[in-house]
C-alpha cells in the first residue's frame, strides 16, 4: 500500500482524485491518522453538489462522520491505479534484492527517449515516485 507521505507528495504535486468504488483514503484529521477508509456505494459514496464534492458516510460506518469534503480526504491509490497513471511511459517493474524498481521512458523535446528509474522498498511507492516525476514535468 502507498505510504501516507507519498500520497501527500502526489497530492502536493497536483494529482487530482475522482473517487470510485474501491478507492482507499485517509482523513486529514489527527484522530483518524491510523484509519483507512474505502469508497463503496453501500457505506461511503462520493456525492456532487453545486458547492463541491463530498464523501458521504452512510449508516454506521463511522459514528462521528456524516460527510467530509473531498479536499479533507487523502487518496491512497492502489498500485494498478498508479501504473495506469503512467500510461505509455511505463516500461517495467522489477523486484531486486531489497527494493523495487519502476522504469519509465519519456520523449524529450528533440524526440529522443529518456529512461528514468525509480527505486523504493515498496512497489506502490516506487510507482508513486515515477508518477510524481511525470506530474513535475507537466507543470
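Read the figures in this text as sums done on the coordinates, not as results from a lab. The structure displayed is predicted, hence computed values, not measured ones. Methodologically, a virtual Cβ is constructed for each residue, glycine included, from the backbone with ideal geometry; neighbour enumeration extends over all protein chains shown.
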Label of the coordinate-derived value, Rg/Rh (Cα atoms, Kirkwood Rh), listed as (1) 1.04; (2) 0.93; (3) 1.01: (1)
Could you work out the relative contact order of the chain? I mean the mean sequence separation of Cα pairs under 8 Å and 6+ apart, divided by the number of residues, in percent. 24 percent
Mean ellipticity per residue at 222 nm, deg cm²/dmol - from DSSP H runs of n ≥ 4 across the chain, formula -39500 (n - 2.57): -7000 deg cm²/dmol
Quick check: Cα centre of segment 101-139 to Cα centre of segment 74-100, how many Å? 10 Å
Treat the count of other C-beta atoms within 10 Å as a stand-in for reagent exposure and order 4, 51 from fewest to most. 51, 4
What ranking of 11, 136 emerges when the number of other C-beta atoms within 10 Å of each C-beta is taken as an exposure proxy, fewest first? 136, 11
